[in-house]
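Working notes, structure below.
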Amino acid sequence: MRVIPLLFAFVSSVIIGNNLVSEGYQPGDTATDFKLKSVDGKNYSMADYKEAKGFIIVFTCNTCPFAVKYQNRINDLAKKYKPKGYILLAINSNDPEVQPDDTYEKMQKKAKENSFVFPYLVDEGQKIYPQYGATKTPHVFLLDKNRTVKYIGAIDDNADDALAVKEKYLENAIAALDSGKDPSPAITKAIGCSIKAKKKA
C-alpha cells in the first residue's frame, strides 16, 4: 500500500530536480512589482509602463557562459517586442562578493559594450529572485499586463547555436498570449548557471 506515496515522492523529486517546479511563482500567480536600479542610474518598475501588453522578465548576469551566449538574443527580443507592447526587463541577482565580475560598474560596462536596449537592473540585497523562484541565468518569466505569470523557463531549446533553434519557447508563449490563449508549455527547464547567492555568515 506504500507504492503510490513512494511513487509520488519519486516523481515529485524528479520534477523538482529538473527545475520544472520551484518555490517561487507558478503560471497563474500574480507577480509582485519591483523598483530596481538600472545601469543608467534610474529606477525601473513595471508600473512605469502603463500601456504595456506584458512583461518579459529575464534573470541574467555578466558572467555565466549561458547568459553570454544569450545576451544578443535577449537584446534582439527587446527590440522586437517593445514595439508590440512587451517590455523586457533584465535583472542581475548575482551577489558581487561571490562573483566579482557582476558588480554594478561591470554591469554598466557590459551594457555599453553590447548596446543593450533594455533596462539592466541590479537586484540589490537579492530580494527579487527568490520571490520569482528564479534559479538560473538566464531564467525567463513572461507576465501579462496584469502581472499574471504566463510562462516560466528557457528562451529557446538551443543555448549553443541561435541558428539551430527548433523551439522558440518564449516567442511561442508571447504568440499564445497575444491570441488570448495560455502558453503550452507553460513551464520549461531553464538552462544556465545557478544564481550566486550571498554567502551566509
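Amide H to amide H, which residues 5 or more places from residue 193 or on other chains are under 5 Å from it, using H placed in the peptide plane?
Correct list: 66, 67, 137.
Take the residue pairs 106/189; 168/200; 80/109; 150/200; 109/198 and return only those whose Cα atoms are more than 31 Å apart. Could you put the intermediate results ahead of the total?
Numbers: 106/189 28 Å; 168/200 37 Å; 80/109 23 Å; 150/200 33 Å; 109/198 23 Å.
Over 31 Å apart, Cα to Cα: 168/200; 150/200.
According to the Cα gyration tensor, what semi-axes, each the square root of 5 times an eigenvalue, does the equivalent ellipsoid of the chain have, listed from largest to smallest in whole Å?
26, 21, 17
What number, in percent, do you get for the relative contact order of region 23-105 if the mean sequence gap of Cα pairs under 8 Å and at least 6 apart is divided by its residue count?
On the way: 77 pairs, mean separation 23.6, N = 83.
Taking the mean separation of contacting Cα pairs over the length of region 23-105, I get 28 percent.
For region 77-143, which chymotrypsin sites (Phe, Trp or Tyr not before Pro) are in a loop by DSSP, counting at most 15 other Cβ atoms within 10 Å?
Those that pass, being in a loop and sparsely packed, number zero.
Under a cut-off of 18 Å between alpha-carbon atoms, report the aspartates and glutamates in cross-link reach of residue 50, not counting same-chain residues fewer than 8 places apart.
33, 144, 178
For residue 157, what residues show an amide H to amide H distance below 5 Å, using hydrogens built from the backbone and excluding near sequence neighbours?
Counting only residues 5 or more places away or on other chains, the set is 166, 167, 169.
Taking only protein heavy atoms into account and a 1.4 Å probe, give the accessible area per residue of the chain in Å².
Working: 10880 Å² over 201 residues.
Per-residue accessible area for the chain comes out at 54 Å².
How large a share of the accessible area of the chain, in percent, is made up of carbon and sulfur atoms when the probe is 1.4 Å and the other protein chains stay in place?
The nonpolar share, carbon plus sulfur, comes to 54 percent.
In straight Cα distance, which lysines are under 16 Å from residue 110, not counting same-chain residues fewer than 8 positions off?
Partners found: 37, 69.
The values are calculated or read from the model by the stated rules, or taken from the named source; none is laboratory data. The model shown is predicted, which means the values in this text are computed figures rather than measured ones. We place every Cβ from the backbone using ideal geometry, glycine too, and count neighbours over all the protein chains shown. These accessible areas exclude ligands, DNA and RNA; they are computed on the full protein's heavy atoms, side chains included. Shrake-Rupley method; radii C 1.70, N 1.55, O 1.52, S 1.80 Å.
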